[in-house]
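Heads up, the thing below is written out as structure tokens.
The values are calculated or read from the model by the stated rules, or taken from the named source; none is laboratory data. These numbers come from a predicted model, not from an experiment. FYI the Cβ positions are ideal-geometry reconstructions off the backbone, even for glycines, and counts take in every protein chain you see. Protein only, heavy atoms only, side chains kept; ligands, DNA and RNA dropped before computing areas. Shrake-Rupley method; radii C 1.70, N 1.55, O 1.52, S 1.80 Å.
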Amino acid sequence: MSNVLIVESPGKIKKIASFLGEGWIVEASGGHVRDLPDDSLGIDLANRFTPQYCVLKSRNTLLNRLKKAVKAADAVYLATDPDREGEAIAWHLMQLLKTEVKGKAVHRITFTSITEKAIREAITAPRQLDIDLIEAQQTRRVVDRLVGYLISPLACKIMHQRVSAGRVQSVCLRLVVDRERELNAFVPSAYWTLDVRLNTGNQDFTARLITLQGKKAALNQQAQVDKLIGGLTGKLFWIDRVEWEEKGRRPLPPFTTSSLQQAASKALGLAPEQTMATTQALYEAGYITYLRTDSVSVAPEAQAEALDYIAVNFGQASIPALPQVYLTQARNAQEAHEAIRPTRINRLSSELPDGDSAKLYDLIWKRFVASQMADASYSQIRAVIHCGEPLGQPYPLEFEAKGRTLVFEGFLKLYEEALDDGEVAEQDTALPRLSAALPLVFGGWEPLEYTTQAPARYTEASLVHALEQRGLGRPSTYASMVKVIKEKGYVQLNKKRLVPTATGIALLDFLVQRFPIVFDYDYTASLESDLDRVAAGKTDRLSVVQAFWAEKFSKAFQAMLTEITALGPSPSDPLRLPKVLGKCPKCGGDLVERHSAKGTFAGCSNYPKCTGTVPPVRFRPAKKGKVHA
């Protein structure tokens with residue numbers, strides 16, 4: 001009896017085939033074999049928004065090979081990835097292989113690690129295709145196509161440059177643009193802290209003013225600080241009370257897709273798309289579990305294996321009293337799979353050649369093992385300090401001195417999260433031995449002036465975090481979204497920070513002005529919830545698409561079509577007709593101002609039919625059809 005097993009990535013074929021041996025043929029679809037057409041909308045608007053799929057030209061030869069393999073087999077195992085996209089790919093394959101699979105046993109199997117045990121267990125537990133997951137993927141595909149294919153051409157026409165809109169991609173861009181505007185609108189203000197140097201008789205320490213007249217101290221003027229110092233100079237200081245606390249610090253949970261992208265950016269300087277590509281290779285090589293996940297759960301056998309390793313290599317004290325259990329915090333989390341972890345705890349990064357793969361695997365391994373270790377423990381001390389006249393009541397203010405020392409390393413023996421650009425680690429500080437009623441010797445004042453800081457531009461790591469916190473898109477799409485807005489020149493990296501370009505800002509303003517609901521943060525997140533409801537069988541594709549079209553999209557789209565029809569010169573709207581800067585050297589058409597990641601340039605208004613350009617320059621009005629710097 002012969003069986004054919006179809007996966008997505010060709011990189012998995014050799015390893016899986018080595019597990020299965022004779023009687024098995026392993027093939028790969030290379031991802032999607034059919035999809036919506038490139039040259040048309042591909043959605044029948046008049047017929048229940050039915051998608052019109054076609055075989056991808058690049059997959060014709062592959063499809064013929066799959067047909068031949070399936071025709072010769074007795075049973076077919078669809079082993080595409082264990083997510084909505086993978087479920088849809090399996091369904092598309094079945095639609096294209098209907099003739100070849102007729103009368104044969106067809107099984108849908110999934111696994112989250114490429115190990116012999118996982119593969120063989122999956123084969124013994126086949127299931128049917130999950131139509132709800134397929135419908136959820138098709139819902140997303142249809143809505144994304146409506147946004148991208150209907151808005152983008154009109155945006156190009158109005159803006160006179162090649163731009164594209166994306167349902168979630170453009171909201172990702174909006175985060176960057178909105179942050180830039182927050183930064184530009186920010187007005188800094190000064191504030192002060194007031195520290196006092198004190199001495200116990202043999203050791204110095206510093207305390208900070210925390211309350212004034214029973215309220216949190218807010219010093220916004222130098223005169224306030226000077227008045228306080230003048231009123232307190234020469235007064236007595238003593239300790240009112242001392243509070244001790246032993247506080248635990250839990251390890252971070254094992255990686256999800258999102259948290260791995262963030263940590264790899266901070267620790268290794270990898271862009272999200274680099275992280276995903278490297279993680280995919282590690283998964284296909286059998287080193288780690290499935291890389292597209294928003295869950296922090298861990299299989300019991302993996303947890304037991306980790307605890308055994310910790311006991312042997314870090315000592316029994318590093319084992320927690322109860323196994324560590326984590327709850328997913330991400331909005332709209334599906335939690336369909338385990339967290340990302342090593343498939344074998346004894347496999348170390350030294351088995352891999354030096355490079356990004358070894359560094360990323362080491363990061364995954366350490367984070368997972370540390371997540372199963374005991375909490376770190378700190379001893380914290382807080383002393384509240386009063387001041388006033390001898391034998392009198394204290395003045396209505398309080399100073400505070402705080403200290404923290406590490407008393408048990410726990411998971412910190414192995415792993416500490418790297419900091420993002422601009423982040424500062426909390427420092428441990430020791431205080432002298434302090435006790436209530438202890439008189440203190442005044443040693444001087446330390447008033448410090450600060451200026452409030454504008455919100456920081458996003459790094460790639462913090463942008464991914466913002467997408468996850470707001471529930472915008474899925475973890476598997478974060479890397480592609482960030483990559484697209486960079487590659488299209490809508491944002492640039494400047495000292496590791498994302499800065500929107502003039503093109504990105506103009507495009508975002510155009511989209512939000514004309515489609516305020518479609519590109520709204522809350523609506524985008526709510527649509528993700530709708531997709532989850534389709535996946536759970538609680539609603540259907542047509543209901544979600546119809547609601548999107550009727551309530552959120554069509555009215556704005558029709559208004560945009562009317563605008564295109566009536567398009568003419570309008571000095572009040574700079575997005576409409578860019579200033580003519582000269583004549584195209586290729587076709588003689590008008591050269592208009594364009595923007596790219598490399599700067600401002602003159603491009604032919606007949607683009608894409610004509611690609612004539614003049615390099616980035618500063619323009620002034622042209623004479624005799626020429627462009628001058």
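Stretching the chain fully between Met94 and Ala536 yields a gain of 156.9 nm (0.36 nm per residue, less the alpha carbon separation). Give me the lysines in straight-line cross-link reach of Lys583: C-alpha distance below 27 Å, same-chain residues under 8 apart excluded. Within reach: Lys157, Lys488, Lys598, Lys609, Lys623, Lys624, Lys626.
Leaving out same-chain residues fewer than 8 places away, which aspartates and glutamates sit with a Cα under 15 Å from that of Lys483? Lys483 reaches Glu273, Glu460. Against the chain, whose longest principal axis is taken from its Cα atoms, helix 502-514 shows a tilt of about 80°. Considering segment 447-528, its Cα convex hull presents a mean projected area of 7.4 nm². Sorting the segments 353-365, 311-323 by their mean number of nearby beta carbons within 10 angstrom, highest to lowest, gives 353-365, 311-323. Candidates (1) 24.9, 87; (2) 30.9, 100; (3) 24.7, 82; which is the computed Rg and Dmax of the Cα atoms in Å? Answer label, from the structure shown: (2). Segment 167-201 and segment 339-380 have Cα centres lying 33 Å from one another. Of all lysines in the structure, not one lies under 18 Å Cα to Cα from Lys538 without also being fewer than 8 positions from it along the same chain.
Of the listed residues Tyr450, Tyr490, the order by accessible area with a 1.4 Å probe, largest first, is Tyr450, Tyr490.
Axis of helix 521-535 versus longest Cα principal axis of the chain: the two differ by about 60°, to the nearest ten degrees. Could you work out how far helix 356-371 tilts from the main Cα principal axis of the chain, as a 0 to 90 degree angle to the nearest 10? The helix 356-371 is inclined about 60 degrees to the chain. Residue-wise HN-Hα couplings along segment 308-322, as the Karplus relation 6.51 cos²θ - 1.76 cosθ + 1.60 with θ = phi - 60° gives them from phi, are 4, 5, 4, 4, 6, 9, 10, x, 4, 5, 8, 8, x, 4, 10 Hz; Gly and Pro carry x.
Checking the table Lys14/Lys366; Lys14/Lys117; Lys247/Lys413 against a 23 Å threshold on Cα-Cα, which pairs fail? Over 23 Å Cα-Cα: Lys14/Lys366.
The relative contact order of the chain comes to 17 percent, based on Cα pairs under 8 Å that sit 6 or more residues apart.
When the residues Ile288, Ile13 are ordered by accessible surface, computed with a 1.4 Å probe over the protein chains alone, the sequence from largest down reads Ile13, Ile288.
A 18 angstrom limit on the alpha carbon distance is what I want to check against. Which of Lys71/Lys98; Lys68/Lys98; Lys71/Lys102; Lys68/Lys104 exceed it? The pairs that break the limit, which is 18 Å between Cα atoms, do not exist here. Couplings 3J(HN,Hα) for segment 281-296, derived from phi with the Karplus relation 6.51 cos²θ - 1.76 cosθ + 1.60 (θ = phi - 60°), are 5, 5, 5, 5, 7, x, 7, 10, 7, 4, 8, 9, 8, 10, 9, 10 Hz, where x marks Gly and Pro.
Within the full protein context, the accessible area of Ser58 is estimated at about 90 Å² for a probe radius of 1.4 Å.
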